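Notes follow once the structure below has been shown.
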Amino acid sequence: MENKFTLFTLIGLGVIVVSAFTIVKSSGEEWRSNSPWDGSTCSACHSGGSTIPTLSITAVPAFGAGNTYTANTTYTITATVAGSYTAYGFNLEIINTNAAAGAKNAGTFNTMLSPNTQIYAHTTDPSTLSHSAPSNGIYSFVWTAPDSGKAYLYFAGLGVNLDGTDGGDKVGTTSMILTPVSSAGIETYLNNDINLTVFPNPATDNVYLTYTLKEVGSVSIKLYNLNGDFVCSLLHKTQNIGLQNINAYLPVGLSKGLYLIKFTINDRQTTQKLMVY
């Protein structure tokens, strides 16, 4: 009887250990996004699935053409993992380099908007977003873009069958390079060179543009949406040195939201954000 009791006790403890192991794994881990810093994904444990999950990234406001961002702008980003699996998990990082050495956060993770998610927060090392429990694969969070420099987004998505083992699961990965608008082939004037101001901001139907020119040149002022699509021209003319005041009318029926005013003189540019309400 004593031997049987001991055997059953050991079996019971084994079940507890296995269960605990499964629960720990289902709560997510950091540094599994497939970034150069991580060097790995969830496939270190999960494997054997027949299909790779489909991954996608969207943002509000949308990233510009060529995946550009506006410095210090706050974005709501949604990372989605989809496929034929019972549930999903993920790992995501946005870092300042595509190399392991010197990797740290690019921008700031602010708030997780989806349930069953968490932030493994660090200051000197990269922070990681991860699931805290298996979920439907839709992960939304708030991210504020950095002042400057490229931001490298690494995203690993895990599909699981929840059969109590790590088999029959599959990991997919994707990445995205986000480039600041001012670095997208634009030679930028410093704002203190021309003292460009836009009033009112937010605006409804017209804006007053005030700036100072230090050279005679062909001045072009155009309005773009955050996707990089041209909306309208506010000014196109040759102007002399000195203070300039322009009353520019916005298109009738212009949708509410955030836009970019691109000021060009002699093929050099600067940008200014404009909120329309």
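Kindly establish whether Leu235 is outside the structural domain of Asn72 (by TED's automatic domain parsing), without any contact (Cβ under 8 Å) to a residue 24 or more places away in the chain and more than 22 Å from Asn72 (Cα to Cα).
Answer is no for this residue.
Before we move on, is Ala133 among the aliphatic types (A, V, I, L, M), over 16 Å from Met176 (Cα atoms) and touching a residue at least 12 places away in the same chain (Cβ under 8 Å)?
When the stated conditions are applied, Ala133 passes them.
Quick check on the range 67-74. Is at least one of its residues in contact with a Pro (Cβ under 9 Å, 6 or more places away or on another chain), within 30 Å of Ile261 (Cβ to Cβ), in a loop (DSSP other than H, G, I, E, B) and of a type in the set (A, V, I, L, M, F, W, C)?
yes
Within the range 146-155, identify whether any single residue is among the acidic types (Asp, Glu) and either under 13 Å from the mean Cα position of the chain (by Cα) or at pLDDT 95 or above (or both), and answer yes or no.
No, the range 146-155 contains no residue that is among the acidic types (Asp, Glu) and either under 13 Å from the mean Cα position of the chain (by Cα) or at pLDDT 95 or above (or both).
Looking at Leu254, Leu234, Leu243, which one is surrounded by 15 or more Cβ atoms within 10 Å (Cβ to Cβ) and part of a strand (DSSP E or B)? Give the steps one after another, and end with the answer.
On the way: Leu254 fails: part of a strand (DSSP E or B); Leu243 fails: surrounded by 15 or more Cβ atoms within 10 Å (Cβ to Cβ).
Result of the check over Leu254, Leu234, Leu243: Leu234.
The values are calculated or read from the model by the stated rules, or taken from the named source; none is laboratory data. The model shown is predicted, which means the values in this text are computed figures rather than measured ones. Counting neighbours? That spans all protein chains shown, and the Cβs are built from the backbone with ideal geometry, glycine included.
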